[in-house]
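Each reported figure results from applying straightforward, stated rules to the coordinates on display, with no laboratory input. What you see is a predicted model; the values in this text were computed from it and never measured. Cβ placement follows ideal geometry from the backbone for every residue including glycine, while neighbour counts extend to all protein chains displayed.
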């Protein structure tokens with residue numbers, strides 16, 4: 001394809017994909033299948049790699065991420081991002097209303113109410129319709145430039161296409177993790193033996209500041225926009241500005257309302273106090289603003305907050321109930337989680353009978369006794385949690401909880417590794433929930449994708465002694481499956497067909513499926529690409545594993561220990577004999593030359609002409625090797641802008657040559 005042809009095709013694809021992206025994420029009215037959308041996106045990615053100079057500033061490939069940012073540049077806000085005054089009572093809201101009336105000297109006014117979302121405030125700068133900068137709130141005066149990460153949010157327009165937009169304007173919004181995404185993220189972490197995240201708000205905050213925008217894209221952040229700023233904004237009220245934002249294609253929560261007086265504000269607060277539990281994200285209050293922008297300007301600001309706005313905070317609903325006992329759950333990796341068994345109580349829209357206690361440290365911190373009355377709340381949480389003990393109701397004869405020392409399922413003595421909060425059952429081969437959990441992990445969609453099986457089927461197969469390891473699935477016959485409850489001939493055939501089809505899953509899926517602790521889907525893909533096959537991976541040393549992308553000390557040690565185990569070696573042999581894929585078919589960069597043959601590189605920082613992953617592919621295509629850490633064996637540290645000082649210092653100490661992007665280009669050009 002010629003460059004002019006590529007330019008035209010890139011423009012067409014960019015417009016098509018952005019159009020379909022808007023239909024899917026903003027209007028929930030897709031016109032094409034997910035497969036067709038992915039085909040368009042993959043074509044664009046391929047063209048942009050071949051012609052990087054032709055990529056457009058609003059290219060939807062930015063949604064996928066890939067930029068690595070070691071340090072975030074500081075940006076001074078043009079308009080300070082002040083915090084709001086908070087109140088928890090109607091009396092204080094009435095006082096606020098009185099101050100507004102006094103400040104406006106009897107002039108009529110109205111309020112604009114919107115829910116206060118529990119996320120991360122963000123400022124977005126648009127110039128000539130293009131999103132050019134995204135900045136965190138920071139200290140209100142200056143924040144961090146997180147543009148690459150924010151561009152991965154699919155509901156945010158990268159380009160505003162409407163006519164007559166201001167040459168430059170700023171919008172503000174709240175970045176958040178939807179409840180369902182947060183729940184799934186925790187399930188995945190639990191699945192690979194990592195500690196789960198405490199709440200969605202803190203997880204969103206950490207995600208916005210991650211160095212790898214590719215990982216940010218996988219987290220599926222979302223954003224509601226609620227404020228428009230700029231010199232040339234044609235709006236007389238905040239309501240006008242909100243309508244303008246909606247017209248321009250921004251995602252605005254439909255929960256806002258104009259209120260003619262403070263009584264209607266109270267009605268709005270009451271309306272949403274319970275109903276907010278049904279929303280797809282966490283909320284913690286209501287923001288009340290004077291609607292007229294001119295009146296806002298007249299009322300002005302204090303040193304810390306506007307006089308024309310206030311936040312009413314809902315009190316986290318907390319209720320006291322009796323702790324009837326503590327049970328202990330054992331997960332796939334052997335992690336033991338204590339669970340409070342409670343006298344049933346109605347809380348935040350649901351009846352709560354159980355609440356997580358996390359680990360032994362939390363039980364000790366709360367000083368729990370069976371029979372105590374404990375406070376339970378959901379404030380900002382999806383899973384109910386015990387927040388304290390009602391000491392006024394404590395019976396002093398109650399004894400402190402002694403954390404179990406043996407597995408509740410198989411009676412094996414528990415272990416607790418140094419530096420870890422959780423206790424573990426080490427009986428990997430004989431503990432029933434670990435065995436069933438590993439098989440359930442193996443068949444899940446992101447692994448072997450055997451959707452004809454399920455949790456209840458696995459339980460029955462295990463209880464009947466038919467399946468004790470994933471490899472046993474491939475020995476099943478129809479006569480075995482017909483022993484299961486409610487399974488007839490057709491169902492048995494479907495199960496066998498699903499098991500047979502799973503043999504076509506690629507190596508990276510198989511590697512994720514076998515369940516090495518700490519090896520999630522992304523790490524499995526990196527290991528598959530790096531080592532190419534199971535034999536190279538299983539024989540890899542700790543040091544060789546550290547050279548693979550995304551692999552740190554904890555993962556490297558876990559992989560080494562996994563393949564040392566004779567039971568795991570036997571399982572791999574059985575799966576290989578069953579016909580599973582243990583050789584990577586992931587695309588290897590085409591060999592362009594051998595000018596970098598025998599040379600090793602570490603890539604760090606931000607570059608002018610390449611994304612970091614692109615650079616790695618260029619190095620490989622010219623015969624070079626990419627390492628993840630600086631050592632005495634390294635040949636070159638390829639240094640971009642904003643590279644962290646630690647790598648540079650280590651390279652200088654070890655005498656590793658540090659080269660720029662320009663010097664690298666000269667190397668590959670001959």
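Work out Dmax and Rg for region 408-559 from the C-alpha atoms and quote the Rg first, both in angstrom.
In order Rg, Dmax, the Cα atoms of region 408-559 give 17.4, 52 Å.
Can you sort 320, 33, 406 by how many other beta carbons sit within 10 Å, fewest first?
With the sparsest Cβ surroundings first, the list reads 33, 406, 320.
In Å and whole numbers, how far do the C-alpha atoms of region 316-425 stretch along each principal axis, longest first?
37, 33, 25
Over region 507-578, with a single point scatterer placed on each C-alpha, what log10 of the ratio I(q)/I(0) does the Debye formula yield at q = 0.15, 0.20, 0.24 1/Å?
-0.41, -0.76, -1.14
I'd like the distance separating the alpha-carbon centroids of region 175-222 and region 355-417, in whole Å.
26 Å
Based on the Kirkwood radius over alpha-carbon pairs, what is the Stokes-Einstein translational diffusion coefficient of region 3-64 at 4 °C with 1.567 mPa s viscosity, in µm²/s?
Stokes-Einstein gives a translational diffusion coefficient of 109 µm²/s.
Viscosity 0.890 mPa s, temperature 25 °C: Stokes-Einstein D of region 432-504 from its Kirkwood Cα radius, in µm² per second?
The estimated diffusion coefficient comes to 204 µm²/s.
What's the center-to-center distance, using Cα atoms, between region 109-139 and region 506-542 in Å?
41 Å
Using Cβ counts within 10 Å as a stand-in for footprinting exposure, how do 272, 308 rank, fewest first?
272, 308
If each residue of separation counts as 0.36 nm, what is the full-extension length gain between residue 326 and residue 130 once their alpha-carbon separation is subtracted?
Contour length minus Cα-Cα distance gives 65.1 nm.
What's the extension gain from residue 316 to residue 402 if we count 0.36 nm per residue and subtract their Cα-Cα distance?
28.0 nm
Based on the mean of other beta carbon atoms within 10 Å per residue, what is the order of 533-539, 512-518, 651-657, most packed first?
Taking the mean over residues of other Cβ atoms within 10 Å, the ranking is 512-518, 533-539, 651-657.
Considering only the chain, what is the antiparallel percent among its DSSP beta bridges, to the nearest 5?
85 percent
Expressed in nm to one decimal, what extension gain is obtained for the pair residue 390 and residue 264 from 0.36 nm per residue of sequence separation less their Cα-Cα distance?
This chain segment gains 41.7 nm when fully extended.
At residue 599 and residue 625, where each label point lies 7 Å from the Cα along Cα→Cβ, what is the point-to-point distance in nanometres?
That separation, rounded to one decimal, is 1.5 nm.
Determine, at each q value in 0.07 (inverse angstroms), the log₁₀ of I(q)/I(0) that the Debye formula gives when each Cα of the chain is one equal point scatterer.
Rounded to two decimals, the profile gives -0.60.
Given a Förster distance of 35 Å, report the FRET efficiency between residue 563 and residue 42 from their Cβ-Cβ distance, rounded to the nearest 0.05.
0.55
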